[in-house]
Structure formats: structure tokens, C-alpha cells
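Below: one structure, written as C-alpha cells.
The values are calculated or read from the model by the stated rules, or taken from the named source; none is laboratory data. In this text the structure is predicted, and so the values were computed from the model without any measurement. So basically every Cβ, Gly included, is an ideal-geometry build from the backbone, and we count neighbours across all protein chains shown.
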């Protein structure tokens, strides 16, 4: 019984399952073309979502989620580091989620 409230809390505040994909606005390839960052706008409050392909089978992983963002500056710094609106992430294992980071 304790797991159900915890599960609902986790899904509501930490899981990315309920975040919509949104409208694809840009695709930015890494310098070696190993990765592609797909930039989406989500909802009416300036939601910004960035997914990066992470595997051999084209699977994608959400690496950036925020809202109330007017800009969508996405730039690769090298083959594995990406700068999204002044935040630098290593796409192999880092992510930014405004719900848990600010």
C-alpha cells in the first residue's frame, strides 16, 4: 500500500512519462554526426524539451526539460557536450530537469 502513493508522487513530479513530445522545431547534429539533438516546444508556457539519440537502434533519451523559456539556443561544443540555453551537458550521462534542478 505504501508503494502506490510513492509511485503516484514520483510519476507526477519526477518521471518524464507524462511530458508531451511537443512540436519539433530543430534538429542539431553533433560535429561527428554520432548524436542528433531534437528540440521541441511543448505547451503554452514555453516548455522546452531536448531529446538525444543514445543507442545503436535510434533510441532517444530526454536530456533537457524546462518551461518558461523564450529562447532555444542549442549548440554542440564538441562530440559529446551540448550547450542548451547556457547549460552544458554531457549527452552520454547528464540531463537537466527544471523540476528537480532549480
Any chance the range 18-30 includes a residue that's assigned to a loop (DSSP other than H, G, I, E, B) and modelled with pLDDT of 85 or more? yes
Filtered residue count, the range 71-85, keeping only those that are part of a loop (DSSP other than H, G, I, E, B) and either without any contact (Cβ under 8 Å) to a residue 12 or more places away in the chain or farther than 13 Å from residue 39 by Cα (or both): 4
Among the residues of the range 32-70, the number that are in a loop (DSSP other than H, G, I, E, B) and either closer than 18 Å to residue 93 by Cα or out of contact with any strand residue (DSSP E or B) (no Cβ under 7 Å at 6 or more places or on another chain) (or both) is 16
Residues of the range 83-94 being in contact with a strand residue (DSSP E or B) (Cβ under 6 Å, 6 or more places away or on another chain) and under 18 Å from residue 41 (Cα atoms), in sequence order, are 83, 84, 87
Regarding residue 50, is this residue in contact (Cβ under 8 Å) with a residue 40 or more places away in the chain, buried (at least 19 other Cβ atoms within 10 Å of the Cβ) and out of contact with any helix residue (DSSP H, G or I) (no Cβ under 7 Å at 6 or more places or on another chain)? no
Within the range 88-102, track down each residue that is surrounded by fewer than 15 Cβ atoms within 10 Å (Cβ to Cβ) and either part of a loop (DSSP other than H, G, I, E, B) or modelled with pLDDT of 90 or more (or both). 88, 90, 92, 93, 94, 102
Evaluation of residue 40 against (1) within 12 Å of the chain's Cα centre (by Cα); (2) at pLDDT below 90 (one fails), failing number: (2)
Quick one: residue 36 ticks every box in (1) over 15 Å from residue 96 (Cβ atoms); (2) in contact with a helix residue (DSSP H, G or I) (Cβ under 9 Å, 6 or more places away or on another chain) except a single one, so which number is it? (2)
